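Report on one structure; see the data block that follows.
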Amino acid sequence: MVQLVPPVSSSAASSELPLLSRLPPALFPLGRLAYNYWWSWQPGGEEVFRAVDPDRWEACGHNPIRLLIESSRLKEAAADQTLIARAAALEAALAAELAQPFANAPPASPDQPIAFICAEYAVHESLPIYSGGLGALAGDFLKEASDRRLPLVAIGLLYRRGYFHQRLDPSGWQHEWWSPERPDDMPALPVLSADGKPLTVSVPLRGERVAARIWRVEVGRIPLYLLDTAVPENSPLGRWVGAQLYVGNPDVRLMQYALLGVGAIRAFAAMGVRPAVVHLNEGHAALASIAIASEEASRGSPWPAALEAARHRVVFTTHTPVAAGNDSYANADVERILGELPSELGVDRGELFALGRWHGSNGEQRFGMTELALRTSRSANAVSRKHGEVAREMWQVLWPGKRAEAVPIVHVTNGVHLATWMAEPVRALLRRHLGTQWEANPANPWCWSAVEAIPDEELWAVRNELRSRLVDFVRSQSISDRLARGEPLDYVEQAARTFDPNVLTVGFARRVASYKRLNLLIQDPARALGLLRSPRPIQVIIAGKAHPRDDEAKRSVQLIFGLKHEATAGARVAFLEDYDLRIARAMVSGCDLWVNLPRPPLEASGTSGMKAAFNGGLNLSVLDGWWCEAFNGNNGWAIHSETTPDVLMQDARDAAALYGLLENEVVPLFYQRDASGVPRGWTQRIKSSLRTIGPAFCTARMLSDYLVHVYAAARKPS
Ligand SMILES: *Cc1c(COP(=O)(O)O)cnc(C)c1O
């Protein structure tokens, strides 16, 4: 048995945390808190770190470890009795939480947990191992699992170059840069073997045995293990395998997926973790099933029985209704890249290829990770009701003879983690009016019914406060973004002068992929400018990264950017560079209107609109993904976008619908005030949105669904 790193708690001896030796003893509680991201979703958690050294906190990207290493204000902080008392109280609360027993969650138990495998996790902006929605979902999933005391362990990759940062040039063209990430600067501790050396696992890839160390990050009660290929014994290529999230080179990406899937199962075995259920969150890690079958076979089962036993333990969530998002490979490439891996796992090459093909018998077809995951899992689910329909049609070929409706892919609609995404003023307001039951049972619609009785004035005051905070954020952020681009000083200061805390604030932020149709915002420039210039104006905040290889998406950023030559647009539109969790939190809490314009049916779920709704923002969205389930006619606005083969016509029609809703419904409702200055129609819609979206789209509801309909459910027919 290896020695697992003990969970970090107040009982952990201070010598175990390398950071503590550098700190004044009064700051030990803060140092220990820094090693568990639990602080990041507790009220007042961020404030204790910020209070140490507000400037340094911003400069080090909200990274608590770097703050405590780099700050020159530690002496002052150690003498601040209020701060020390707050840190001690938080640490005591964390220790009390960690001391609680696990929940009863069959088939999982502390000895046989659920094992969650994902290529990305958005736990916090200081751990840059995420790119977008998949990571955000995974991060929220772990936090909810912690809150629910679910026996669950998670595993992913520690990308030493993280995900790319975005910088625009003055023409609006996106450039990418990567920053080196060091585990020493992260709240990560190495997992050690019995002899005290770093525990490693290895996977043969393209002729090299690629080794990976294992790091452990605490997310409340949930350990998140991260495989790290930056070890001396690896070649430069071996080190590169795990260096960069969604690396562009398809060969390296396949190596990365194999490392994730097979490495995860080997890491669990090396650590003595025996999962009851292995949850593949997206298809990247599909080779995990083969690795589990290989374990079964090594215990003496013949291969077909071993594969069947593996299938019995694996569940799979698909997130991608875009064909290009489901990676596939020519058989020859798989042979070349995986090299010795299939024979090491004891799987026949022909059988492996057949498991990854659309039609098992056609040797010409490509090898797909999603196909492999679908064929080697006991249950498969999409991430919204609509996506369930789309996925059943998309993958019907794998179940020849079955009608689409009978294809065994169910759905569990995504949700968002309330404590992470609901800004403190909203939480305080709801706490005052919904009572104590609400936060413990956010998935229960009854607990939200008292939303209707909240005085409009109070609700509106909170919205004004959040908008005003966002405007401050945009002012400072737009100045530094524009200065860094080398823009003329007049333009640099323009948004800071003209962004207005009383103006209807519209947000659009997400990965810039072509199907998300950022360009619809300016499809009709005259109408768009009319909305910005009107005496009852809107102001617009945009953020999002285009994939480094997606020039079409980069061009749509540039097109929006071209608007800056219009004086009004420079004053009323801000593009915030380098979209991440920090920018997302600021935007979803402060925007009055959250716009989403995907080309149906390509949005699997979408979650940013849920985050906006949790803060009293209203959604205006194309009916696709989660919005099909959420929209009820008075909790936001919808664009009915029937799919047509003529994409340009569809775009023009949907853009016209967008402008029409803004001009005729959204703007009038927002600016229609009574004598006390409150827009009663608008606050009514906020209440409807909170009351209906709160219980249905929180991770509490989502995790209950996974427990009942996926983890504990019987297997699907094959
Ligand atoms: C929530 C979130 C996403 C996902 O947003 P979608 O609406 O699903 O596109 C992406 N990136 C970040 C940083 C997020 O917080």
So for region 648-661 (the condition being assigned to a loop (DSSP other than H, G, I, E, B) and surrounded by fewer than 23 Cβ atoms within 10 Å (Cβ to Cβ)), does at least one residue qualify?
no
Restricting the search to region 577-603, which residues are closer than 28 Å to residue 484 by Cα, more than 17 Å from the chain's Cα centre (by Cα) and surrounded by fewer than 24 Cβ atoms within 10 Å (Cβ to Cβ)?
577
Return the pairs, sorted by first residue and then second, in which the second residue is open to solvent by less than 10 Å² (accessible area, probe 1.4 Å), the first residue lies in region 188-214 and is of a type in the set (Lys, Arg), the beta carbons are less than 8 Å apart, and the residues are 6+ apart or on different chains.
206/255; 206/337; 206/338; 209/203; 213/191; 213/227; 213/228; 213/231
What are the residue pairs meeting all of these: first residue in region 126-146, first residue more than 21 Å from residue 422 (Cβ to Cβ) and among the β-branched types (Val, Ile, Thr), second residue within 11 Å of the ligand (Cβ to nearest atom) and not in a helix (DSSP H, G or I), Cβ atoms under 9 Å, and 6 or more apart or on different chains?
129/120; 129/122; 129/163
Check residue 347 against each of (1) without any contact (Cβ under 8 Å) to a residue 60 or more places away in the chain; (2) among the β-branched types (Val, Ile, Thr); (3) under 30 Å from residue 707 (Cβ atoms) and name the one condition it does not meet.
(3)
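Report yes if residue 559 is of a type in the set (A, V, I, L, M), modelled with pLDDT of 90 or more, more than 16 Å from the ligand (Cβ to nearest atom) and more than 27 Å from residue 386 (Cβ to Cβ), otherwise no. Show your work before the answer.
Working: of a type in the set (A, V, I, L, M): yes; modelled with pLDDT of 90 or more: no; more than 16 Å from the ligand (Cβ to nearest atom): yes; more than 27 Å from residue 386 (Cβ to Cβ): yes.
Taking the combined requirement at face value, the residue does not satisfy it.
Please go through region 40-59 and give me each residue that is without any contact (Cβ under 8 Å) to a residue 12 or more places away in the chain and either open to solvent by less than 30 Å² (accessible area, probe 1.4 Å) or within 21 Å of the chain's Cα centre (by Cα) (or both), ordered by number. Show your work before the answer.
As a first pass, look at region 40-59 and keep what is without any contact (Cβ under 8 Å) to a residue 12 or more places away in the chain: 50, 54-55, 57-59.
57 - this is the single residue of region 40-59 that is without any contact (Cβ under 8 Å) to a residue 12 or more places away in the chain and either open to solvent by less than 30 Å² (accessible area, probe 1.4 Å) or within 21 Å of the chain's Cα centre (by Cα) (or both).
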Among the candidates 370, 413, single out the residue that is open to solvent by less than 10 Å² (accessible area, probe 1.4 Å), out of contact with any strand residue (DSSP E or B) (no Cβ under 7 Å at 6 or more places or on another chain), over 19 Å from residue 117 (Cβ atoms) and among the polar types (S, T, N, Q).
413
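Can you tell me which of 470, 466 is open to solvent by less than 10 Å² (accessible area, probe 1.4 Å), part of a helix (DSSP H, G or I) and within 16 Å of the ligand (Cβ to nearest atom)?
Numbers: 466 fails: within 16 Å of the ligand (Cβ to nearest atom).
Answer to the selection: 470.
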Mind counting the residues in region 100-130 that are within 12 Å of the ligand (Cβ to nearest atom) and surrounded by fewer than 21 Cβ atoms within 10 Å (Cβ to Cβ)?
1
Of everything in region 434-463, what is in a helix (DSSP H, G or I), within 26 Å of residue 673 (Cβ to Cβ) and in contact (Cβ under 8 Å) with a residue 24 or more places away in the chain? Give them in sequence order.
451, 452, 456, 457, 458, 459, 460, 462, 463
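Answer yes or no as to whether residue 157 is more than 16 Å from the ligand (Cβ to nearest atom), within 19 Å of residue 264 (Cα to Cα), in contact with a Gly (Cβ under 6 Å, 6 or more places away or on another chain) and at pLDDT 95 or above. If you could, list the steps in order and put the result at the bottom.
Working: more than 16 Å from the ligand (Cβ to nearest atom): yes; within 19 Å of residue 264 (Cα to Cα): yes; in contact with a Gly (Cβ under 6 Å, 6 or more places away or on another chain): yes; at pLDDT 95 or above: yes.
Judged against the criteria, residue 157 is a match.
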Which residue is farthest from the chain's Cα centre (by Cα), if the candidates are limited to region 604-647 and must be buried (at least 18 other Cβ atoms within 10 Å of the Cβ) and polar (S, T, N, Q)?
641
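Residues of region 380-394 being open to solvent by 10 Å² or more (accessible area, probe 1.4 Å) and either of a type in the set (Ser, Thr, Tyr) or in contact with a Gly (Cβ under 9 Å, 6 or more places away or on another chain) (or both), which ones?
Matches in region 380-394: 386 only.
The values are calculated or read from the model by the stated rules, or taken from the named source; none is laboratory data. Predicted model, so just to flag it, every value in this text is computed and none were measured. Here the Cβ is made from the backbone with ideal geometry for all residues, glycine too, and neighbour counts use every protein chain on show. Surface areas here come from the heavy atoms of the whole protein model, side chains and all, with no ligands, DNA or RNA. Shrake-Rupley method; radii C 1.70, N 1.55, O 1.52, S 1.80 Å.
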